[in-house]
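K.L.:
Dropping the structure in here first, questions after.
The values are calculated or read from the model by the stated rules, or taken from the named source; none is laboratory data. In this text, all values refer to a predicted model and were calculated from it rather than measured experimentally. Note that each Cβ is placed from the backbone with ideal geometry, even for glycine, and that neighbours are counted across all protein chains shown. The accessibility values were calculated without ligands, DNA or RNA, using every heavy atom of the protein model including side chains. Shrake-Rupley method; radii C 1.70, N 1.55, O 1.52, S 1.80 Å.
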Amino acid sequence: MTSSPKAKAGRAERRGEQVGAVETPEPRAEESRRGGLAGLWDFGAVEAVLVLLVFALCVDVFAAVVLRYVFHRSLGFYDELARFLFVWMSFLGAATGVKRHGHFGVTFVVERLSPGTRRALAVFSTLAMLLFAGLLVAKGLTMVRLTASQLSPAMEIPISYLYAPVPIAGLLMIVYLLPHLARQLRGRA
């Protein structure tokens, strides 16, 4: 005799069990103490740089607002500095998202697939991200080289500094994805 899901839920509630609770797996020891290149960044260096960039952007924008509306003065480099900081934050933040597996995904389709198909799709997804990261490195380095001699109008620093986070983020993504791909291929991710 089979019971309806509603009846099973009622019996579980009477026993004091949580209904519909989702168990979150404990992180594996190997994931928390990774070695190699990915382990080099686990201490949070990229995140620390991101915190400094956010702080610098806040100071820059706050100073620009105070100078413009309180002292009726404006220095020309505030907008340009904010642009540079925001580009760096965006690309390093994307790399951090890859590190933490924080990018969104459409899971309701994947959950309906068989475990073997799910695993193959996960490996394909990681390989696609590696390809994208490789393109970021290759094309980003090209843009850095092409803009090395151009100076920004207000701060007069090389425009290549604006493009530098593109290959850096791509390289970080590759460093973060390779151990993940290895775990997927071993069937542990």
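K.L.:
Restricting to the stretch 108-130, name every residue that is open to solvent by 80 Å² or more (accessible area, probe 1.4 Å) and either farther than 21 Å from MET173 by Cβ or not hydrophobic (A, V, I, L, M, F, W, C) (or both).
P.N.:
Taking the stretch 108-130 first, the residues open to solvent by 80 Å² or more (accessible area, probe 1.4 Å) are 108, 111-112, 115, 118-119, 124, 127.
The answer is PHE108, GLU111, ARG112, PRO115, ARG118, ARG119.
K.L.:
For TRP88, only one of the following conditions fails: (1) open to solvent by 60 Å² or more (accessible area, probe 1.4 Å); (2) part of a helix (DSSP H, G or I); (3) over 30 Å from ALA63 (Cα atoms). What is its number?
P.N.:
The number of the failed condition is (3).
K.L.:
When you scan the stretch 115-129, do you find a residue that is in a helix (DSSP H, G or I), among the small types (Gly, Ala, Ser) and touching a residue at least 40 places away in the same chain (Cβ under 8 Å), even just one?
P.N.:
Checked against the condition, which is being in a helix (DSSP H, G or I), among the small types (Gly, Ala, Ser) and touching a residue at least 40 places away in the same chain (Cβ under 8 Å), the stretch 115-129 yields at least one hit.
K.L.:
Since TYR69 meets every condition but one in (1) within 30 Å of PRO153 (Cβ to Cβ); (2) open to solvent by less than 100 Å² (accessible area, probe 1.4 Å); (3) at pLDDT 90 or above, which condition does it not meet?
P.N.:
(2)
K.L.:
Any residue in the stretch 139-162 that is within 21 Å of VAL175 (Cβ to Cβ) and in a loop (DSSP other than H, G, I, E, B)?
P.N.:
The answer is no, given that none of the residues of the stretch 139-162 is within 21 Å of VAL175 (Cβ to Cβ) and in a loop (DSSP other than H, G, I, E, B).
K.L.:
Against the conditions (1) buried (at least 17 other Cβ atoms within 10 Å of the Cβ); (2) among the hydroxyl-bearing types (Ser, Thr, Tyr); (3) over 25 Å from CYS58 (Cβ atoms); (4) under 23 Å from the mean Cα position of the chain (by Cα), where does THR147 fall short? Just the number, please.
P.N.:
Answer for THR147: the failing condition is (4).
K.L.:
Could I ask something else about it? All but one of (1) open to solvent by 70 Å² or more (accessible area, probe 1.4 Å); (2) basic (Lys, Arg); (3) modelled with pLDDT under 95 hold for LYS139, so report the exception by its number.
P.N.:
(3)
K.L.:
Same structure again: Restricting the first residue to the stretch 60-75 and requiring it to be more than 21 Å from PHE86 (Cα to Cα), which pairs with a second residue that is part of a helix (DSSP H, G or I) meet a Cβ separation below 8 Å and a spacing of at least six or different chains?
P.N.:
Here the result reads ARG73/LEU67, each pair linking the stretch 60-75 to a residue that is part of a helix (DSSP H, G or I).
K.L.:
Which number in (1) at pLDDT below 90; (2) farther than 26 Å from LEU50 by Cα marks the one condition that SER114 misses?
P.N.:
The number of the failed condition is (1).
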